[in-house]
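The values are calculated or read from the model by the stated rules, or taken from the named source; none is laboratory data. Here the structure is a predicted model, which is why all the values come from computation and not from measurement. Cβ placement follows ideal geometry from the backbone for every residue including glycine, while neighbour counts extend to all protein chains displayed.
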Amino acid sequence: MALTQNNRKVLFWGIVSLVILGLLTRFVYLLVWSPNTQFEDQQVIYIPTGADQAVFMERVAPYLKNPSSFERFVGLRGGWEVIKPGKFTLIESMSNLALLRKFRQGSETVRVVFNNQDRLELLAARVATQIEADSLSLINAWTDPRFLAEKQLTKDQVLAVFLPNSYEFFWNTDAVTFRDRMWSYYEAYWTDERKQLAQQLGLTPIEVAALAAVVHKETVKPEERSRVAGVYINRLNIGMKLQADPTVIFAIKHQSNDFDQVIKRVFHKDLTIDSPFNTYRYKGVPPGLIAMPDLSAIEAVLHPEQHNYLFFVADPKKPGYHRFSTHYGQHINQSKSYTRWVDRLGIQR
């Protein structure tokens with residue numbers, strides 16, 4: 001049976017509609033659901049705070065098969081204001097829809113780790129490799145006079161706020177947010193129990209940290225730190241100067257502003273350096289931290305070993321450990337043995 005002209009028109013436009021629908025369906029599929037990444041496994045991308053469309057695409061485009069397709073899709077789905085800064089882990093075969101959802105969710109967290117960075121500058125450099133904030137903004141936030149005044153800290157004491165550990169932060173954390181979070185961790189660490197232990201020793205939490213820094217520098221052996229801490233507590237209790245070599249080394253570096261110099265040996269002439277950190281000249285705990293102490297060193301100060309030792313010197317027969325004594329005469333003999341040992345090693349500085 002022959003088709004009428006009207007039927008032929010209906011059939012024609014039906015076919016045209018199907019073709020258009022098919023093309024439209026393909027277009028939508030390619031735009032929305034088709035895989036649009038060109039890497040294997042996964043790729044981490046960092047989008048800086050305040051990034052505009054150009055900066056964003058500069059970071060993302062190298063990993064897309066069809067960057068313009070993604071740009072069109074974002075424009076259709078709310079524009080670039082929905083894109084958030086931060087760290088994003090993309091996986092292979094992600095579609096434009098999956099990509100946009102990822103960038104809308106906001107930054108993933110990163111694990112910030114630091115330990116034994118002895119100065120604020122070194123700590124800032126270390127942290128800046130792990131979050132968006134740069135080292136200068138971190139230093140400025142940590143030494144902000146208003147922050148120091150509010151927390152009753154000096155610049156030499158602010159290192160005590162940063163307890164060596166592992167922390168979770170969003171990558172796009174700014175310097176002030178990072179500082180304030182670290183202060184909250186510091187407050188959480190200093191429980192009423194720890195504050196009471198410090199008070200029983202006649203120390204403030206900051207003084208505990210400052211003394212722990214000395215203990216940390218005196219011995220690398222965690223199992224020996226409570227004994228060393230006990231020596232210093234005994235000295236403080238009888239009004240004796242701490243006479244800690246690490247404070248002299250710090251004073252020399254601090255005075256010369258040369259913290260890269262290597263000092264392995266302290267001489268008698270060094271003991272006279274006029275610095276508030278020199279515990280051979282000034283009584284009490286140093287006015288600030290000479291290093292970032294391990295938590296083990298802080299706990300060693302809070303739980304010092306109970307003994308009568310007042311002196312100690314490095315043990316040549318057990319590198320890393322020390323010989324302890326209760327009397328100065330015994331200490332002198334042990335010190336001579338140590339001096340002969342370092343002379344044989346040829347250590348002159």
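Checking the stated criteria, Ile249 turns out not to satisfy the condition of being touching a residue at least 12 places away in the same chain (Cβ under 8 Å), in contact with a Gly (Cβ under 9 Å, 6 or more places away or on another chain), within 16 Å of Leu289 (Cβ to Cβ) and not assigned by TED's automatic domain parsing to the domain that holds Asp118.
Applying a threshold of 9 Å to beta carbon distances and a minimum spacing of six or more residues, or different chains, the list of pairs starting in segment 278-294 at a residue that is among the acidic types (Asp, Glu) and ending at one that is part of a loop (DSSP other than H, G, I, E, B) reads Asp294/Asn115; Asp294/Asn116; Asp294/Pro164.
Here Gly202 meets the list (1) part of a helix (DSSP H, G or I); (2) assigned by TED's automatic domain parsing to the domain that holds Phe324; (3) out of contact with any strand residue (DSSP E or B) (no Cβ under 7 Å at 6 or more places or on another chain) almost entirely, failing just condition (1). Quick one: in segment 66-94, which of the residues that are out of contact with any strand residue (DSSP E or B) (no Cβ under 6 Å at 6 or more places or on another chain) and within 17 Å of Gln38 (Cα to Cα) is surrounded by the fewest Cβ atoms within 10 Å (Cβ to Cβ)? My answer is Ser68. Within the option set Ala300, Ala291, being crowded, with 19+ Cβ neighbours inside 10 Å, assigned to a loop (DSSP other than H, G, I, E, B) and of a type in the set (Gly, Ala, Ser) holds for one residue only, Ala291. Consider segment 149-179 and keep the residues that are over 17 Å from Leu289 (Cβ atoms) and surrounded by fewer than 14 Cβ atoms within 10 Å (Cβ to Cβ). The one that is nearest to the chain's Cα centre (by Cα) is Ser166. Scanning for something crowded, with 16+ Cβ neighbours inside 10 Å, assigned to a loop (DSSP other than H, G, I, E, B), out of contact with any Lys or Arg (no Cβ under 7 Å at 6 or more places or on another chain) and not polar (S, T, N, Q), does segment 250-258 turn up at least one residue? The answer is no, given that none of the residues of segment 250-258 is crowded, with 16+ Cβ neighbours inside 10 Å, assigned to a loop (DSSP other than H, G, I, E, B), out of contact with any Lys or Arg (no Cβ under 7 Å at 6 or more places or on another chain) and not polar (S, T, N, Q). At least 2 residues being without any contact (Cβ under 8 Å) to a residue 60 or more places away in the chain and in contact with a Pro (Cβ under 9 Å, 6 or more places away or on another chain) is the threshold, and among the helices (runs of 4 or more DSSP H) wholly inside segment 37-149 those reaching it are 53-60. If the condition is being basic (Lys, Arg), within 16 Å of Gln306 (Cβ to Cβ) and within 27 Å of the chain's Cα centre (by Cα), then segment 194-245 contributes only Arg225. Looking at the structure I just gave you, is Lys264 loosely packed, with under 14 Cβ neighbours inside 10 Å, closer than 24 Å to Ser335 by Cβ and among the basic types (Lys, Arg)? So Lys264 passes the test.
Just one of the listed residues (Glu132, Glu108) is among the acidic types (Asp, Glu), touching a Lys or Arg at 6+ places or on another chain (Cβ under 6 Å) and under 30 Å from Leu64 (Cβ atoms), namely Glu108.
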